[in-house]
Every structure is written in structure tokens, then in C-alpha cells.
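Down below is the structure, laid out as C-alpha cells.
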């Protein structure tokens, strides 16, 4: 019943992107199957099912055999074993028990012995052979970063390109209470120096209760910095009164499409950025490269740099105005975007989908972790190997860099954790800006 327990979906009043089913591959290896990601696992689901109905699958109501695995490759390999001649039927061969355990009727997973042998060189299997340690113990004493955004989606902006438009802008009060307990528990249990990226999924300047948590977190001396994203559309100084600015990191998100008075609102935004720099905060300005906003980026970047503050930009990804990006960019637009990223080409490479992270080594799961609202720790939001929970007696994490099991790495904060990037660039406290290392600096830790 291990698989059945693992697939139980948590019940929050806010959508969890990490638990949302999404199509990974259609028509796998010529079989009548799709591979669907769900939580920590991947399911090979036959088209005869008609719908991705997990409760029905777990109750033994699946029409066709469903294969559950830890990676898309594992499921694809399992389908080839289950249907060696690519049968059109939906019944597995007679020797299916040689390879798979049947967790309930028509729900199969690899036998441990088969997984250890046949799948030995897959990144997920290689990760099992790494050295591990308990995060609740001192370890090497190096800083740990937790990325655990609060579930509040309250925001005064409605940017057309924001992915939160898919979920609605709800307060998610029940989920927020769960998150608050989890982040405070993490701070209490982990004694190593902590860098926290715990911004909300909305606009923190409109969520007073989120600030209450930030103040509690900063009462702990081992918390070195709290980072968050803000559109700075409201005066931030009152929220930071009495706070050591050097312990604050802000990715100031510039959204000109939401300005009611473009000149006045831009001036106010820039004054807020200047204030953050004055108090010693780690601040960077970020901008989304929709086709309409690409031409204006150099002008905005010049104004921000005049303040002595860096500016970065995000490549648009996903559906937007009837097209899917980044594939929908023109060659001319791609050329400009590449120029915009000339100082940090690794961001362009991965956000543009020019590079695939699969199989490469990464510091996530060792020095940086993604924390879900319920306190569950994963190495990152893309690869998603479950480490444990802040409510467990111990939290076993990697003691060396792991192998990526994801086919995409799109977030600046995760791209910068890759071993090849860490070697050449150091992440800043705002989680969105990076400095080139000196030639004699052999980078081993993303923030050191």
C-alpha cells in the first residue's frame, strides 16, 4: 500500500501547483499511454481511462493497468516491459509479477530489486546512492536556503502574464495557517545559518499577517536574510521600521502595464528601489519580457542602473494571448533577449529551453530546499524528490550534490543552484541576481 499512501493528495483551500496533474508525454513509445505528473510521482495512464481520476485508481477502479514511477523514464521503461510488443490491448502480459508489485487492482509499481538493477543509472536511482545527513543536526555548518512561498494570493495587480491568473487571487487562509506553522517550525528546528525566500504568492505589501511571520523569523539570530518579491506599489518603509535592512532581500517586480499614471508610478517605484538600497537591502529589479515589453527594457534598465541597482528580466513561458512561449518568440525577439542576458547567459539558456537540466548535478537538496505549505521538504519545485518534513524526528537530506531528474529548470532561483553555474556565479540575497566569481574562486556553495 506504499504507492497508495504516497498518492494521497493534501486538502488545502489554495491550489498547489506542485500537486496539479499536468500532461508530460503523449503516446509514450508507441503505447496507448500518457505519462502524467502527480505530486512526487509519475503515472502511466492508458487512454481507455478517459480521465485522470486518482481516487478511482487508488480504489482499484482503473480499467487498464496503471504504472507508477519516480520519473518519466522509469514509467516509460516499465511500459516497454509491461507491453514488449506494443500490444493494442490493455491487459498486461502473464509475467507482469516478475517486474511489478500490484499495489491495488491495476495499479503497479516496480519491484525494488528490478528498480535497483534495470534502472541503476537513472538520475533518481543514482541519488539514492549519495551520502545523506540529518538537516536537524549541525552538519558542516554552511548556510541553508529554504524557498517556501506563503500561499496568500492577494494582489492589487492583475498582470496578464502572471501565472496566478490560473488560480485566482484568494487569501487561502486555511493554507496560510498551515504554512505559518511550518516555516516557524523549520526556523526552530534547523540551527544552521538560514536564508529564507518566503514571499507570498501575491503582493506582500497588502498582507499584514505575512509581515507578522517575517518579524518572528527575524527574531532568530541564525536567520541571515528574508527574501521576497514585491511590486513596490505601496510605501515599504513602514513595514521595515526597526528591521536591519541588510537582512532583507527584495526582487522588485516592475510591471508598467499596471501603472495608472505611467510617469508618476514609475517615479514612485524607483524611489522605493532607491530606499531599499539606502538601508542596505539586497535589491534587484525584475521585468517580464512579453513581446510588447521587450522594446522598453533597455530604457528601464538604464534608469535602474542609475540608482546603482542591477536589473534582470524573465523570459515569458507558457500561454499568453493565444500563443505558447518561449517558442512563440520571433528570431529577432530571441536575439534581443539573448543580448539582455549577456551577463548571465545561463538564465537565457534554461528559460529559453535551449538547455535541458536532466542528469546534471545540482546543489538543491543539499544547500537549498523547496518547502511545501505543509512543511514537506523537496530538493526543488521541478525535480521534486521528497526529503522529509520539518515535523519529522529527523530530516534526511543530501550530503553531496545530486543528479537532476527534471527536463526543465525555469526559475532564476533554481537555475543558479546547478553545479556548473555555482562554479562560476554567486547568488545574491534577493535570489534573482548573480555575481561572476573571480578566476581563483572555486564556487562550491551557491551563496558563498
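Every number in this text was worked out from the coordinates using simple rules, so none of it is lab data. Everything numeric in this text was worked out from a predicted model, so none of it was measured. Backbone-built Cβ (ideal geometry, glycine too); neighbour counts: all protein chains shown.
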A correct Stokes-Einstein calculation for region 198-353, using the alpha-carbon Kirkwood radius, 37 °C and 0.692 mPa s, returns a whole-number D in µm² s⁻¹ of 194
Taking 225, 234, 153, 264 and counting other beta carbon atoms within 10 angstrom, the fewest-first order is 264, 234, 153, 225
Area projected by the alpha carbon convex hull of region 249-307, averaged over all directions, nm²: 3.9
What is the distance in Å between the Cα centres of region 217-250 and region 339-357? 29
Spin-label point model (7 Å from Cα, Cβ direction): what's the residue 320 to residue 80 distance in nm? 3.7
How do 155-162, 203-210 rank on mean C-beta neighbours within 10 Å, highest first? 203-210, 155-162
Across region 403-448, what fraction of all alpha-carbon pairs, as a whole percent, falls in each successive 10 Å bin from zero upward? 29, 52, 17, 1
Could you tell me what fraction of 2.2 N^0.38 Å the Cα radius of gyration of region 134-286 comes to, as a two-decimal ratio? 1.08
Whole-Å semi-axes of the ellipsoid equivalent to region 297-448 (Cα gyration tensor, √5λ, descending): 29, 20, 15
I'd like the projected area of region 133-436, averaged over all directions, using the convex hull of its alpha carbons. Report it in nm² with one decimal. 14.9
Measure off 7 Å from each Cα along the Cα-to-Cβ vector at residue 235 and residue 216, then give the distance between these two points in nanometres to one decimal. 2.8
Over region 133-436, what is the mean sequence separation of C-alpha contacts under 8 Å (at least six apart), divided by residue count, expressed as relative contact order in percent? 19
Beta bridge orientation in the chain: antiparallel %, DSSP, nearest 5: 50
Relative contact order for region 318-448, counting Cα pairs under 8 Å that sit 6 or more residues apart, in percent: 21
In this structure, the FRET efficiency calculated for residue 342 and residue 160 from their beta-carbon separation, with R0 = 35 Å, to the nearest 0.05, is 0.80
Using label points projected 7 Å from each Cα along Cα→Cβ, tell me how many nm separate residue 97 and residue 391, to one decimal. 3.9
Work the Kirkwood hydrodynamic radius out for region 189-241: mean of 1/r over every pair of different alpha-carbon atoms, inverted, in Å. 11.9
Arrange the peptides 403-409, 47-53 so that the one whose residues have, on average, the most other Cβ atoms within 10 Å appears first. 403-409, 47-53
Take the Cβ-Cβ distance between residue 132 and residue 48 as r, set R0 to 41 Å, and report the resulting FRET efficiency rounded to the nearest 0.05. 0.50
With an 8 Å cut-off on Cα pairs and a minimum separation of 6 or more residues, tell me the relative contact order of region 121-223 in percent. 37
